[in-house]
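Structure record follows, encoded as structure tokens.
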Amino acid sequence: MELKKEGFGGFVPIIEDYCWTITTKQMRCPNSGVIPIGQGQYRYLTPKETWLLQGYSEADFEAAARVNKKTALYHQAGNSIPVPIFESLFRAILDNLGESDLIQKQIQLSLV
């Protein structure tokens, strides 16, 4: 991953195959990276892009965009857990709870 020197005195990764963590400070210090647009020019991720990268649907974003300013949209994306990861965690928890309950029922039956 190539790094671009920015005016704020830090380095910003250039997004190629993946982006770094989306944070609440995308509009000031886009630590998830910048997108090259040619001729040495770069742009930040848009609020919509940050939402889509977090796993939200376009409909989710459009609903939020109707009632929030751009800064708030960046904050919401940066404060969220990516939807697919959140779903996977809960699926694993529920699967394990189901197995745990089944094992406990088998133990109870074997004691009878």
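The values are calculated or read from the model by the stated rules, or taken from the named source; none is laboratory data. Model, not experiment: these values are computed from the prediction. Backbone-built Cβ (ideal geometry, glycine too); neighbour counts: all protein chains shown.
Overview of values
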quantity: Residues located in region 63-80, provided they are farther than 16 Å from LEU45 by Cα and part of a helix (DSSP H, G or I); calculated: ALA63, ALA64, ARG66, VAL67
quantity: Answer residue from region 29-45, given it is farther than 22 Å from ILE81 by Cβ and assigned to a loop (DSSP other than H, G, I, E, B) and is modelled with the lowest pLDDT among those; calculated: GLY40
quantity: Residue in region 71-85 that is at pLDDT below 75 and surrounded by 11 or more Cβ atoms within 10 Å (Cβ to Cβ) present; calculated: no
quantity: Top-ranked residue in region 46-70 [being under 10 Å from the mean Cα position of the chain (by Cα) and among the hydrophobic types (A, V, I, L, M, F, W, C); ranked as modelled with the lowest pLDDT]; calculated: LEU53
